[in-house]
Every structure is written in structure tokens, then in C-alpha cells.
């Protein structure tokens, strides 16, 4: 970032002009950074989708996509092309403005969430103090893409499915919120970079927060409508849920947003519990590896787990889903807020006293 | 400073516009959607004031939870708003009176530069060296702990009240016990029978 600002400040000098003001250089370099970053994230989604399909296929002893490009690497691009060149169909009775706005909201929010994710020490577009709350706010806004899409299509199937999935997302957000609180109590900061730095002496997954990692994993699956909680879509049983009236590019936007949210939550779990960009132990060959590769590796591990769950866990029924969210995960995470608080106040100072800090 | 001024006027203009649409729109769903837009712009104004924690909480609580429920209700209930608004004209005069009174109060408050609340202002600024969130926590959990706990208690009572009012115990409903379902083993749920050809199972 500093290099970019310096480059743009001094750029006019080479053309015999006055150096650029700091505000302009900052604006230009920030915009450039955001465009490149968003482009990279979007292209990477193509490969995440491919990985998802390949893992799923391998569990079922199929080969998965293997025709377009080497090992089927370009399959997702081919699919995206297909969607873009199809005719967008808007139902005659649909509310046209909201119908088109809903997928745009979904995809935009999915992009916006990446602004605060620290890829390495200091590699972050917006290093804000309330990073975790920002992510939580963005993910709670994701409901609107779903409800607006379901309502605007003016189809009772789409609408009912939208209500169900909105209820599901709102329910699991509560337990995600409490899990985040436990991590905040441990790290003592809402800034994602600070949370990672606080794990330099031990990742939170190896502390008493381990149950919260499990709760977070289950809640993330439910929040992003992944199997075994994909009740709104239930590929083998129902039509496409709230997206039933969508085709072409609007559908593509929903699809893109969905996968970006999954990767986002994998990244959030890596940052909150698996130490983000930090190596497992701070010794020579490990800490020479760039932090972004560690983070990427952790996201890949999390994504692999998410994909495996899709492949071999049977689908939940709707009432079972609600029971799990409200009667199991919520009380557990609420109790853990108290336990984490007690640990930080009573046990941690005692341990520090015994081991001399 | 220039950018901040532009951001302020954009947020404020969109906020006022969407507030106006909320009360004038014919379609209640549009009203709620513009209400959400208004919340969002209010959060933007909070960020400009340096109150990033309040901004995020506004989005999480009001946009992420309260407005979702509004939207649910408005979309599912077949409320005829034209019917509801029929007698609205007769309330025009009291409405204008109350609105005007509020506007006068606001103008007075701003014009007097909050002179009547000299104690409140220093408390509302963030101390140097700690984040906005930590500053709020320091105030909320020390000086105002009883008010904070009291507010929490009132919300809890409201929640329990709502549950008590709507909870119905139906008799004769078969309920599932997830624990007994999970803990069921093959021994008590199936039996392996050797069946001789042509005899069938009893």
C-alpha cells in the first residue's frame, strides 16, 4: 500500500509535472488495490467451485468435471459463459426492480466482506477496528438478497423457500454471534489482524475454545445453506428454492455470492481459530513461508472439510435443523461465553503467575 | 475534509429521501426496504462521527434482525394499506403540529449548541489511545452498569412475556426425543431372522 501511494505520488514527476497530492494518490492506489483484489477473489471462486465438485465426485467414485481444459480446470469458466449468454427471463408478474436488485445485493455483499480479511501481516484493504462486527453485519445483510429475490419472483414456491431460508440464516447467526464473542473475549480486540496476532502463542483451536470451533463450523454450514442444511434447495428433492425463477446472469450472481460466502466463512474460521497467516510453530523453515500461503492452506483445509460434509452427511429435516440451532448450539455457545470470560479473568492470570508470563 | 463533507451530504440526503419514501410509498414492502436504506445511511453518518461500533451495531441489530422481521410480517400479512390510510387525512393537523414541535426543538437544540448539556458532551468523546469500542465498554460496565443491566432486564422480561403469551401446550401431540432416537442401537431396533424357504416371517 505504501509503495503504491509513493509510486502514484511521484508518477507525475517523470512527466515533468508537480507530484500528486497524498489524498489523490491514496484514492487511486486504494481503488486499484480493490479492483485487483476483487478480480482475484472472483477468479479464485471458479477454482473453488471446481475443487468442490472434484472432491464431491471423488467421494462418490466419479471423475467429476474433466473435459474442458486440463483436468477440467476451465469447467467453471465454461459454465459461467453459458449462464452469461443465456436469455435472462423475468417472470411477467415479478417485481422487476427488486427481482434484479436482489442477486446484485447478494453478490455485492459477498465481495464487500473481503475488504477486512487480513491475508498477511498488514496485507488488508481496510484495517478497521471493528472488523469482526463488520463481517457479522455483512453476513446478517445476506438475508435480504434471499428474501427480496423470493418475494419479487411472485412465485409461492420461491417465496416459501425464501422465508424458510431466511429463518434458518437468522437462527444460526445468533450462535455465530456468540462464538465470535468468545473469540473476542480471548483476543481482547475486534480487529481481525489483532485477533491473529493474539494467537502467536497458540491457536485458539487448541485452547478451551475448541468446542466453539465445532459450533462455528456447523453454524457456517447452516448459514451458507450448505449440505446437510441445504433445505431450501435440496437438489435431489425440490426445485432451486428461492432462485426458482432466476436464470442467466442473475442466477450466476446468486451462485457466485453463495460460494464466496462459503470461502469467506472458511477464511473467518482460519483467522479466528487457526491463527490466520501464522505458521503452526515459529521455527525456521516454517516461518520463512509467506503468511498468505499459510492462510491459503488453512482455507483449503476448511473448504475440504466443508466439501466432505456435503458428500457424506444426510440432509437434516427442517424441525431438526431448528432444534439443533436453538436448543443445542445456542445454549452451548452462551455457556461458553461465560466459561471463556471466567478463563480470561481467573485462570489466565494464575497460569501467567505460575509460568512467569 | 472535502471528502468527508461530500460523504456527509450524500448520506444525509439519501437518509432524508428514504425517510420520506417510507411514509409516502403505497407499497408497504417498498416502505420497509427504504427504511433499511435509511438505517444504512444513518450507520454511515455514525461512521463519519467516529462511532464505528454504534454504526456496526445499528446495522446488525436494526437492519440484520429487526427489519428482517418487519419484512417478514409485511410480506406475509395481506394488509390493505389503502384501507388503513383512509382516515389519515383527518390526522393531518395534529401530525403537522407534533412534527413542527419536534423540528422547533431540534433547531433550538442545535442553535443553542447543546449549552444546556455541558456535562454530557465531555463524557461522549472518546479518550485518546483506546478504540471507540473499548471506550464504550469502559463507560457502560462501570459508571452506567445498573442502567445497562436494568435495560437488559426489561428486554428479558419483554421476551419472556411474548413467549408466555403465545405458548400453547397442545395435549395429544406426539413429540420426538432426539436423544432417544440417536441412542437407539441395532440390538433393540432390529432382529435378524433365518427364514426357511416358503414359510415366511411371523
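Evaluate the following for residue A:221: is it surrounded by 20 or more Cβ atoms within 10 Å (Cβ to Cβ), over 21 Å from residue A:301 (Cβ atoms) and either more than 18 Å from the chain's Cα centre (by Cα) or modelled with pLDDT of 90 or more (or both)? Here the answer is no, as residue A:221 does not meet what is asked.
Of all the residues in the range A:41-70, those that are exposed (fewer than 11 other Cβ atoms within 10 Å of the Cβ) and part of a helix (DSSP H, G or I) number 1. The single condition from (1) at pLDDT below 85; (2) in a helix (DSSP H, G or I) that residue A:348 fails is (1). A count restricted to the range A:114-127 and to residues that are within 13 Å of chain B (Cβ to nearest Cβ) and either surrounded by fewer than 20 Cβ atoms within 10 Å (Cβ to Cβ) or under 30 Å from residue B:76 (Cα atoms) (or both) stands at 2.
The set of residues in the range A:147-191 being more than 10 Å from every other protein chain (Cβ to nearest Cβ), more than 22 Å from residue A:334 (Cα to Cα) and buried (at least 20 other Cβ atoms within 10 Å of the Cβ) consists of A:149, A:153, A:158, A:161, A:165. Assess whether residue B:163 counts as being under 22 Å from residue B:57 (Cβ atoms) and either surrounded by 10 or more Cβ atoms within 10 Å (Cβ to Cβ) or within 14 Å of chain A (Cβ to nearest Cβ) (or both). No; evaluated as a whole, the condition is false for this residue. Taken residue by residue, the range B:20-30 has at least one member that is under 17 Å from the mean Cα position of the chain (by Cα) and either outside the structural domain of residue B:99 (by TED's automatic domain parsing) or farther than 22 Å from residue A:148 by Cα (or both). All conditions but one from (1) at pLDDT 85 or above; (2) more than 14 Å from chain B (Cβ to nearest Cβ); (3) surrounded by fewer than 18 Cβ atoms within 10 Å (Cβ to Cβ) apply to residue A:111; the one that does not is (3). Where helices (runs of 4 or more DSSP H) sit wholly within the range B:1-104, those with at least 1 residues that are closer than 30 Å to residue A:132 by Cβ and within 13 Å of chain A (Cβ to nearest Cβ) occupy B:2-24, B:28-48, B:52-57, B:67-76.
The values are calculated or read from the model by the stated rules, or taken from the named source; none is laboratory data. Just so we're clear, the structure is a prediction, and the values are computed from it rather than from any experiment. Positions of Cβ are backbone-derived with ideal geometry, glycine not excepted, and every protein chain shown enters the neighbour counts.
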